[in-house]
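Data first, discussion second: the structure below is written as structure tokens.
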Amino acid sequence: MNKMIMILGAASVGKTAVIKWLVPFLKEENLNPCLCKIDCLYTEDSKVYQSLQVPYVVGLSEDICPDHFLVSNLCELWDWKEKKDCDTLIIETAGLCNRCCPATENTISICVLDATASTHSAKKLGPMVTMSDIIVLTKIDMVSQAEREILIWSLEKLNPTAKIFPVDGLVGYGVESLGRCILSEPAVKTYEEDLLRHTMPSGVCSYCIGEKRVGSAYQQGIVGKIDFQKENAL
Amino acid sequence: MIKNIRILPGTNKDGIKENFSYIDFNIGELYTIVGNTGSGKSRLIKDLEQLVNKDSVTGRTVLIDGKAPSFDVRGETSKHLIAHLGQNMRFVLDKTVGEFLLLHGKCRGIETPDISAIIQVANEITPEAISETMNLNTLSGGQTRALMIADISCICNSPIVLIDEIENAGIDKTKALHLLLDSNKLVLIVTHDLHTALMSEQRIIMENGGVKTIVNRTREEKTLFEELNRAYQSRLKLQNSMRKGESLA
């Protein structure tokens, strides 16, 4: 029963808090999870991971986009999971920039949103929200019941097929329902020929490869410019 | 229509099982929850709202008419049955008062809620008037709670109402409760206030994260309540005079 779970979300929304409660639940259900945390420069999450007593690995992407870095390492991560004799690989992404969505067809894609931040901005989140199997709404203790209902209702419009779970990451409420949903998702056999759910942003410009100088003369490759004809248009 | 909600015991902060076999709450009754700050009053209310099934920090179970709702339908069930006024003193939603009420009405299947009527209800319990075009984020603590109470009363219309402190933010408690109490509803109020606590026939005493005991109101206590009620009314008059800048004695 092999599964790959991707926990997607912006910085500080509570991805690690969800994992902290989810892993003990999965272990209690006799699964063998292992964890991977992707970050850019530094991560403190390994302290939490250590306390969960499961195999974990940290991937620091350094100068590369962390989401591209993650996708480039998916097959290697799957092999590592096999080597560790685990059945469930949980990957926590770095805080996404809202344009990339490293989820693939074969992953169980879980998008984590902060209830206090998302009431206005859910539409800005793009493929991460619209393409996820599951949406977890954290910090629900911080908003009123009415606001929570409005938030869930608007997320259902953005992604009608996703299952939505309100979670209080401080005390773990809601994680059991989330865990049961994960258990009911189909398993996968292999990561050969898996596909990204959504394209990554197109890139490769001078700045991607280390240019520091500002100005059109130094910009080569795929370069986008603001359309000033549209001033005050929005 | 549901008739009863039952709580099965969980554990207190020390992991010791709560000392009751079950507590029943019946539709049409008012219950109060009292105890020191940090004793677990709000947690009890949240357990009820979330219809927990051993998956909260307390490990309690909530049954509706004897049955635990399944994990899949819990959110929907809670939404239909329960209105919860938490301790929130602020909205985080970035919308106007009118947009909020319209959206929440739609969420609850009311396509065209009577927005001005709801705002009028809110303005009965807060002296500084709210208007439709105000941004939710700019409302004061009292205005926020007044709007939440009006929303619960007019839009939610749920058979179970959970109130985590009604006295907050200087709103008119009597008028607010009048909007929320209904003979067909089950109402639970968390309170530190003696007068509010004695409104109910049964009060639940919390300690160290667990239910300590349940106390039934005696006949003498009911007389005490009536005394307190008179005192409360005269206090309220004085409070209003104070706010107007009048001399109080």
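Bear in mind these aren't lab numbers, they're just calculated from the coordinates by the rules spelled out. Everything quoted here is computed from the prediction, not taken from an experiment. Here Cβ is always computed from backbone atoms with ideal geometry, including for glycine, and neighbour counts include all displayed protein chains.
Based on alpha-carbon centroids, what's the gap between segment B:125-146 and segment A:123-147 in Å, whole number please?
For segment B:125-146 versus segment A:123-147, the Cα centre distance is 26 Å.
Could you give the nm distance between label points at A:K83 and B:E207, where each point is 7 Å from its Cα heading toward the beta carbon?
5.7
Show that you can apply the helix-only estimate: for chain A, add -39,500 (n - 2.57) for every DSSP H stretch of four or more residues, divide by all residues, and state [θ] at 222 nm to the nearest 500.
After summing the helix terms and dividing by the residues of chain A, the value is -9000 deg cm²/dmol.
Considering the dipole of the protein assembly as shown built from charges on the beta carbon (Lys and Arg +1, Asp and Glu -1) around the Cα centre, which of B:I45, A:T190, B:G59 is farthest to its positive end?
My answer, from the dipole projection, is B:I45.
Using the beta-carbon distance between B:D72 and B:L224 and R0 = 60 Å, what value does 1/(1 + (r/R0)^6) give for FRET efficiency, to the nearest 0.05?
0.80
With every atom except the alpha carbons ignored, what do you get for Rg and Dmax of segment A:74-156, in angstroms?
Rg, Dmax (Cα atoms, Å): 15.2, 47.
Label A:R99 and B:E111 with points 7 Å out from Cα along Cα→Cβ: what is the distance between them in nm?
A separation of 4.1 nm, rounded to one decimal place.
Sum -39500 (n - 2.57) across every DSSP H segment of at least 4 residues in chain B, then divide by the residue count to get the 222 nm mean residue ellipticity, nearest 500.
-10500 deg cm²/dmol
What is the Cα radius of gyration of segment A:3-184 over 2.2 N^0.38 Å, N being its residue count?
The value comes to 0.96.
Using the Cα centre of segment A:62-145 as the reference point, and only Cβ charges (+1 on K/R, -1 on D/E), how large is the resulting charge dipole? Debye, rounded to the nearest 20.
420
How charged is the neighbourhood of B:R43? Take every other residue with its Cβ under 15 Å from the Cβ of B:R43, and add Lys/Arg as +1 and Asp/Glu as -1.
For residues surrounding B:R43, the net value is -4.
Pairwise over distinct Cα atoms, reciprocal of the mean inverse distance: report the Kirkwood radius of segment A:103-234 in Å, one decimal place.
Its Kirkwood hydrodynamic radius stands at 17.9 Å.
Take the eigenvalues of the Cα gyration tensor for the protein assembly as shown, scale each by 5, and report the square roots as semi-axes in whole Å, largest first.
Calculated on Cα positions only, the semi-axes equal 47, 29, 19 Å.
So how do B:R145, B:R203, A:R99 line up by other beta-carbon neighbours within 10 Å, fewest first?
A:R99, B:R203, B:R145
Return the whole-Å distance between the Cα centroid of segment B:21-79 and the Cα centroid of segment A:19-72.
34
Count charges around A:T138 for me, please; just the other residues with Cβ under 11 Å from its Cβ, Lys/Arg as +1, Asp/Glu as -1.
Net charge around A:T138: -1.
Mind checking the mean number of beta-carbon atoms from other chains within 10 Å of the Cβ atoms in B:71-81?
Mean partner-chain Cβ count within 10 Å for B:71-81: 3.
Per the Kirkwood treatment, what hydrodynamic radius in Å, one decimal, follows for segment B:102-249 from the mean inverse distance over all distinct Cα pairs?
Taking the inverse mean of 1/r over all distinct Cα pairs, segment B:102-249 comes out at 17.3 Å.
Just the projected area, averaged over all directions, of the convex hull on the alpha carbon atoms of segment A:144-213: how many nm²?
9.8
For chain B, just list the percent of Cα-Cα distances falling in each 10 Å bin from zero outward, please.
Computed distribution, short to long bins: 7, 28, 34, 23, 7, 1.
What's the average, rounded to a whole number, of partner chain beta-carbon atoms within 10 Å of each residue's beta-carbon in A:164-175?
The shielding value for this peptide is 3.
Report, as an integer, the average count of C-beta atoms from other chains found within 10 Å of each Cβ along A:146-156.
The per-residue average across the peptide is 6.
Less than 13 Å Cβ to Cβ from B:A150, Lys/Arg counted +1 and Asp/Glu -1: what total charge do the surrounding residues give?
With Lys, Arg at +1 and Asp, Glu at -1, the net is -3.
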